[in-house]
1. Of all residues in region 358-385, how many are touching a Gly at 6+ places or on another chain (Cβ under 9 Å), open to solvent by less than 40 Å² (accessible area, probe 1.4 Å) and in a loop (DSSP other than H, G, I, E, B)?
2. Looking at A150, A192, A138, which is the one that is without any contact (Cβ under 8 Å) to a residue 12 or more places away in the chain and touching a strand residue (DSSP E or B) at 6+ places or on another chain (Cβ under 6 Å)?
3. For region 133-152, which residues satisfy the criterion of being within 14 Å of the ligand (Cβ to nearest atom) and surrounded by fewer than 24 Cβ atoms within 10 Å (Cβ to Cβ)?
4. Scan (1) farther than 29 Å from V343 by Cα; (2) under 20 Å from the mean Cα position of the chain (by Cα); (3) of a type in the set (D, E, K, R) for the single condition E316 breaks and write down its number.
5. Of S179, S188, which residue is at pLDDT 95 or above and either touching a Ser or Thr at 6+ places or on another chain (Cβ under 7 Å) or closer than 26 Å to R157 by Cα (or both)?
6. Among the residues of region 94-117, count how many are open to solvent by less than 50 Å² (accessible area, probe 1.4 Å) and not small (G, A, S).
7. Give region 164-202 a look and list any residue that's within 15 Å of the ligand (Cβ to nearest atom), hydrophobic (A, V, I, L, M, F, W, C) and open to solvent by less than 10 Å² (accessible area, probe 1.4 Å), or say none.
8. Inside region 243-296, can you point out the residues that are among the aromatic types (F, W, Y) and within 12 Å of the chain's Cα centre (by Cα)?
Amino acid sequence: MITNFRKGVYLTEETKGPQDPQARYDSVIGKDAKCVMQTYGRQPLVLSKGRGALVQDIYGREYIDCVAGIAVNNVGHCHPKVVRAIQAQAGELIHTSNLYYTEIQAELAENLVSVTGMERVFFCNSGAEAVEAAMKLARVVSGKSSFVAAEHSFHGRTIGALSVTHKSMYRDPFMPPVSSETAFVPYSDADAVRKAISKNTAAVILEPIQGEGGVNVPDAGYLKEVREICDETGTLLIFDEVQTGFGRTGTWFCKEHFGIEPDIMSMAKAIGGGFPMGAIAARDGISFERGQHASTFGGGPLACAAALASIEAIREEKLLERSKEMGAYFTEKLRNMARDDVVEVRGKGLMVGVEIKYPCGKFVDFARENGVLVNCTSDSVLRLVPPLVITKEQIDTVVDVIEQA
Ligand SMILES: *Cc1c(COP(=O)(O)O)cnc(C)c1O
């Protein structure tokens, strides 16, 4: 791989395909424009390879990936353990049905119960599906139907998950919601949660740190107070840990920072080391009964093999500690930039947000042109969620590029 991406465009032997890269690039952009529904505002990049914290495009240019599939590639791109596990499992059994047991699903379930500290899990295939499952579970267990959610929340794009997602751009064109009674309250305001809970509230659903909403870290006592309010009122508490899970914030799950347990939690993104998977976990006494929920692909052998390998890699390579350490180093360096166009640097572990005084689109372009992929969320927040295996030197380069930007 090329490491000297800053000097321009190079080709490695590997990336010199049968055609020249410009023709391949044009062909991809053309086919996409013609055949794919244009829902994504894509960056002008065609990616072809990834290793660790780096990705490479079809020109052979290399980038430090601070997007990481949006907090998906926590163990790094193409982690050898994950690759081997998928390859081996693909040769044994790719898919079966939940009408039958598999060893790999049982083993993953046991591991997830262990890392979440919850009682039982249910497997699905994505974050939105996990939120759907959490909402269904809350309704069926409580016998109530409405939800309290936070302003600036993001819980997914399916109709149910949209019902508790706040941003009007995602929501409004698809209304009415499934749960017409969702009460949106300001994030990090426990009194507002108390006031919003009604006789018909099944659950309060919160991200322990808001991702899409701008890497918003709640005040210290907030989640604990919400837990108490939920206990007093007999309301379930759902944590959406889809983005904050699997070491992202320096612990297995973000809830550990706040010393409280939800009743139900949703997971996805990093769970499979890059392979699509979702899951919920719930505490003792909260569970679906037979027939209440199902998924054709949920907990399939390939996804379970990938997730198990990813969990093992997080353990063996001490990636929780690494996330904490590198996150502290990264945040400190960003704070030391002392630029007056930076409003705030915030986050936990390697979930870092840099809020700036204006829309960050041009930052994203500049960074990309200088070999660093970053993502802009909530208009003016640079979201930095690199693989947890990112090195100090790579962080130095990223901070350097952001400072120049
Ligand atoms: C990404 C995200 C989702 C949705 O996940 P998908 O896999 O895209 O459906 C839900 N909740 C949170 C907190 C997320 O960050």
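The values are calculated or read from the model by the stated rules, or taken from the named source; none is laboratory data. Since we're looking at a predicted model, the values are computed, not measured. No Cβ is skipped: glycine too gets one built from the backbone with ideal geometry, and neighbour counts run over all protein chains shown. Surface accessibility is based on the protein's heavy atoms, side chains included, excluding ligands, DNA and RNA. Shrake-Rupley method; radii C 1.70, N 1.55, O 1.52, S 1.80 Å.
1. 2
2. A192
3. The answer is H152, and nothing else.
4. Exception for E316: condition (2).
5. The match here is S188.
6. Residues meeting the conditions: 10.
7. Matches in region 164-202: V164 only.
8. Those that are among the aromatic types (F, W, Y) and within 12 Å of the chain's Cα centre (by Cα): F246, F253.
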